[in-house]
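*Asks:* Let me begin by handing over the structure; questions about it come next.
The values are calculated or read from the model by the stated rules, or taken from the named source; none is laboratory data. No experiment lies behind these values; they were computed from the predicted model shown. Neighbour counts run over all protein chains shown; Cβ positions are idealised from the backbone, glycine included. Please note that ligands, DNA and RNA were not included when accessible areas were found on the heavy atoms of the full protein model with its side chains. Shrake-Rupley method; radii C 1.70, N 1.55, O 1.52, S 1.80 Å.
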There are 2 protein chains.
Amino acid sequence: MATHCSIRKTESGINSDICGQPYSVSVLKEGYCTAEDDGAFRADGTITLITGPNTILVDTGGPWDRDFLVAKLKEKGLTPDSVDIVVGTHGHSDHVGNLGLFPEAKIIVGSDISVRDKYLPNQLAEGQPYTIDDFVSIIFTPGHMGRDVSVLVKGTSEGSVLVAGDLFERCHDEDSWKELSENPQIQEANRQMALQMADVIIPGHGPLFRVQRE
Amino acid sequence: MATHCSIRKTESGINSDICGQPYSVSVLKEGYCTAEDDGAFRADGTITLITGPNTILVDTGGPWDRDFLVAKLKEKGLTPDSVDIVVGTHGHSDHVGNLGLFPEAKIIVGSDISVRDKYLPNQLAEGQPYTIDDFVSIIFTPGHMGRDVSVLVKGTSEGSVLVAGDLFERCHDEDSWKELSENPQIQEANRQMALQMADVIIPGHGPLFRVQRE
């Protein structure tokens, strides 16, 4: 357990645009989740863009983000057709609300990988990463749902960045993530793996944060 | 177990447009799943429209179905804005590919119910149906994934119709559904419940079928 104790998570000091070679990572929308007085929640999932040899969008926000997402891509000089790969870290509506903007992209939702209606064989659900290239890979990180994935980007100015969906709700989510989890035991194991692997984590419902090893 | 033995499933004799009062049910796209030689699968989810006091779309197909879906709605005299409620039976890409066409609808994906970014309290995950009105309700039917739902429509010319997502792959799916299931034991229990409850079942990847009790 000593390795766990030597890891701290901290929100400070990282811009939401992380440069890198060959890949840069930009948070297009920072997710949130806040309770309302009537028992409802206001929630949306983080939307992240990875640019480099491939253009990769990780999570697409809720259906109400459609126009926002198109406008944000345009700010980056992109159209939906410019996106090569769209990843839905898991199949909740605030993460997969806008897959339909990308009918020709390679679509990865959880452990399912498709190009249009052709679903490609892969070993994600057996725990084998799906490699995009030497710098980007899809990692199997279930628990929040049954087949969640995260995206690992190596070689940025902040080191390795993990776009983690709801594996982490936010930096300091120890009070809340378990009640949102379909399998807390498996999720906890994957959270620890993520903290070993990443220098920066982009969570599903809060600002990105740094992983510090001491 | 005697009740199980007295139930037969049969594909014959039902049109994909089922009239009813006050609700009618139309299969806009019949789902499929076929293996390819290279280990891939061609697959798409069934898309179903329920019309009456509320206009309800159950599953939205894959992202590549966007233009098809808009055209099919138009054939029915509808635009995406006419749809009041969109249900994604579960969060796989061939079922939730086009949520973004419906930013103002009530969105139900699995047990999550939202209007834009407001997620409404409900008891679906505790097994409590979510009632739309006297004739339509959302039923918790997990197993294929962890939080799947089905839509029950009462009072059609064929009796009670259950739009079941991948609770059933197709009528005769006994050789294949378990390998696609996250929890076959729970799914089997919900399949039996569905067969007790429905006269017609619309499955996720094949033609609708009749449930016959003898």
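*Asks:* Would you mind listing the distances between the A:Lys118 label point and the same position in each other copy? Use 7 Å along Cα-to-C-beta, nm, one decimal, shortest first.
*Replies:* 4.5
*Asks:* Taking a label point 7 Å from Cα toward Cβ, how far is A:Cys19 from its twins in the other copies, in nm, shortest first?
*Replies:* Result for A:Cys19, in nm, nearest copy first: 6.9.
*Asks:* Can you work out the FRET efficiency for the pair A:Lys154 and B:Asp67, with r the C-beta to C-beta distance and R0 = 41 Å, to the nearest 0.05?
*Replies:* Values: r = 37 Å, r/R0 = 0.91.
Here the calculated transfer efficiency is 0.65.
*Asks:* Quote the total accessible area buried by chains A and B together, excluding ligands, DNA and RNA, probe 1.4 Å, nearest 100 Å². Write down the numbers at each step before the final one.
*Replies:* Values: alone 10140 and 10130 Å², together 17050 Å².
Chains A and B together bury roughly 3200 Å² of accessible area.
*Asks:* Let me ask something else. So, for chain A, what is the accessible surface per residue at a probe of 1.4 Å, expressed in square angstrom? Mind dumping the intermediate values first?
*Replies:* Details: 8530 Å² over 214 residues.
Computed with neighbouring chains in place, this is 40 Å² per residue.
*Asks:* Quick one: grab the alpha carbon gyration tensor of the protein assembly as shown, order the square roots of its eigenvalues as a ≥ b ≥ c, and give me rounded if a/c is under 1.5, else prolate or oblate depending on whether a/b is larger than b/c.
*Replies:* Details: a/c = 1.82, a/b = 1.69, b/c = 1.07.
Prolate.
*Asks:* A further question follows. What residues of region A:172-214 lie in the reach of a label at B:Asn183, counting those whose backbone N is under 12 Å from a point 7 Å from the Cα along Cα→Cβ?
*Replies:* Correct set: A:182-184.
*Asks:* Let me ask something else about it. For B:Glu36, go 7 angstrom from Cα along the Cα-to-Cβ vector, then report the distances to that same point in the other copies in nm, smallest first.
*Replies:* The answer, with the shortest distance listed first, is 4.3 nm.
*Asks:* Below 8 Å between Cα atoms, with a sequence gap of 6+, how large is the relative contact order for region A:97-214 in percent? The partial results should precede the final answer.
*Replies:* On the way: 212 pairs, mean separation 22.7, N = 118.
Rounded, it is 19 percent for region A:97-214.
*Asks:* Which trypsin sites (Lys or Arg not before Pro) from region A:1-103 combine a DSSP loop assignment with at most 15 other Cβ atoms within 10 Å?
*Replies:* Working: sites: A:Arg8, A:Lys9, A:Lys29, A:Arg42, A:Arg66, A:Lys72, A:Lys74, A:Lys76; in loops: A:Lys76.
Loop-located and lightly packed - A:Lys76.
*Asks:* Turning to a different aspect of this structure: Please give the Cα centre distance for region B:138-191 versus region A:89-130, rounded to the nearest Å.
*Replies:* 22
*Asks:* Looking at the axis that maps chain B onto chain A, which chain B residue has the closest Cβ, and how far off is it in Å, rounded to a whole number?
*Replies:* Of all Cβ atoms in chain B, the one nearest the axis gives B:Gly91, 1.
*Asks:* Give me the percent of the accessible area of the protein assembly as shown that comes from carbon and sulfur atoms, probe 1.4 Å, all protein chains in place.
*Replies:* Details: 8370 of 17050 Å².
After summing per-atom areas, the C and S share lands at 49 percent.
*Asks:* What's the lysine pair count for region A:72-214 at a Cα cut-off below 21 Å, pairs eight or more apart or interchain? Mind dumping the intermediate values first?
*Replies:* Details: A:Lys72/A:Lys106; A:Lys74/A:Lys106; A:Lys76/A:Lys106; A:Lys106/A:Lys118; A:Lys106/A:Lys154.
Final tally of qualifying lysine pairs is 5.
*Asks:* Once the dipole of region A:4-62 is set up with Lys and Arg at +1 and Asp and Glu at -1 on Cβ about the Cα centre, which of A:Ser26, A:Gly52, A:Ile14 lies farthest towards its positive end?
*Replies:* It is A:Gly52, whose Cα lies furthest towards the positive end.
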